[in-house]
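Computed from the coordinates by the stated procedures, all read-outs in this text should not be read as laboratory data. Computed from a predicted structure; not experimentally measured. Glycine also receives a Cβ, built like all others from the backbone with ideal geometry; neighbour counts cover every protein chain displayed.
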Amino acid sequence: MSGSPSPDGPGTVRRPVPAGPDPAAPRRADPDRSAARRAEIAAGLAAVRARVAAAAAAAGRAADAVTLVVVTKTYPAADVGHLVALGVTEVGENRDQEAAPKAAAVAAAGPAPRWHFIGQLQRNKAASVVTYADAVHSVDSVRLAGALAGAAARLRPAPLDVLVQVSLDAGPDAAARGGAVSGDDPDTGLDRVLAAVAGAGALRLRGLMAVAPLGERPAAAFDRLQHLAARVRAAYPQAALLSAGMSGDLEEAVACGATHVRVGSAVLGKRATPG
């Protein structure tokens with residue numbers, strides 16, 4: 001009986017249907033997009049480095065006396081790779097749950113920078129942070145110093161660099177945004193915290209960190225910090241570092257002796273909203 005052959009009859013050759021992309025497969029980097037992103041970061045980095053150099057010159061300091069820590073919070077590991085390729089050696093992170101996998105991804109991809117943990121830190125995260133951070137800027141209590149010291153002794157081959165965060169806020173809520181305070185509080189008193197860090201064999205006291213209070217001129221706050229840092233150095237000569245200043249106030253911080261400025265969006269562009 002005549003008629004059209006069945007599509008699946010013996011005379012039909014079935015051709016394979018091309019498979020679509022596997023949604024579970026990792027996406028290949030778009031070279032053009034990657035190059036454009038690196039150029040964008042390079043421009044931001046050059047602008048910030050110029051600001052740091054100008055601020056240092058205005059303060060009668062050498063530009064290389066100020067270390068730029070690029071804050072990569074909410075930015076992808078690929079951006080850290082671009083920064084390293086552009087000569088950045090110091091990057092900062094605020095949250096362990098983001099920083100730990102990012103540090104691992106960067107290390108797996110190639111040369112890694114020095115990681116600075118700069119956010120408020122819970123004691124139960126100490127064991128994670130000491131495995132990738134080269135320095136922690138936000139130690140503000142005796143209990144946190146103890147947690148980091150214990151974890152560092154177990155998990156690190158060398159001491160962990162520590163900067164003690166001090167509060168520049170005034171009033172009863174001075175420690176609300178983090179920071180050791182003046183006075184003799186047994187856990188958050190500045191002298192107690194400094195002694196705890198300096199006395200821990202697995203920690204190395206390197207200096208102070210602070211954030212300018214909201215609603216106050218940064219210059220006034222950083223001037224107080226500068227005088228406090230001088231007092232601390234007199235008691236602990238090894239505490240020579242001063243971490244202060246961000247995208248909006250780095251000039252004021254450099255004028256008051258900052259050795260490290262923490263800058264994110266001015267280098268990397270508008271920060272994504274964390275999920």
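Of note:
- R0 of 51 Å, Cβ-Cβ distance R143-A53: FRET efficiency to nearest 0.05: 0.80
- Over the chain - Rg/Rh using Cα atoms and the Kirkwood inverse-distance radius: 1.20
- Two-site FRET efficiency, R114 against D184, from Cβ-Cβ distance with R₀ of 30 Å, rounded to 0.05: 0.30
- Spin-label model, A153 to A39: label points 7 Å out along the Cα-to-beta-carbon direction sit 5.4 nm apart.
- For V139, distant residues with modelled amide H under 5 Å away: L163, Q165
- Extension reserve of the A46-D32 stretch, reckoned as 0.36 nm per residue once the Cα distance is removed: 2.9 nm
- R0 of 30 Å, Cβ-Cβ distance D223-A63: FRET efficiency to nearest 0.05: 0.85
- Full-extension gain in nm, R271 to N124, via 0.36 nm per residue minus C-alpha separation: 50.2 nm
- One decimal place: the segment A240-L86 gains 52.7 nm when fully extended, by the rule 0.36 nm per residue minus the C-alpha distance.
- For peptides 213-224, 110-121, sequence by mean Cβ density within 10 Å, most packed first: 110-121, 213-224
- Residue order for H260, H82, fewest other beta carbons within 10 angstrom first, comes to H82, H260.
- Among the DSSP helices (H) of the chain, those spanning at least 30 angstrom by Cα along their long axis with an average Kyte-Doolittle hydropathy of 0.0 or more are 31-58; this is a geometric and hydropathy rule only.
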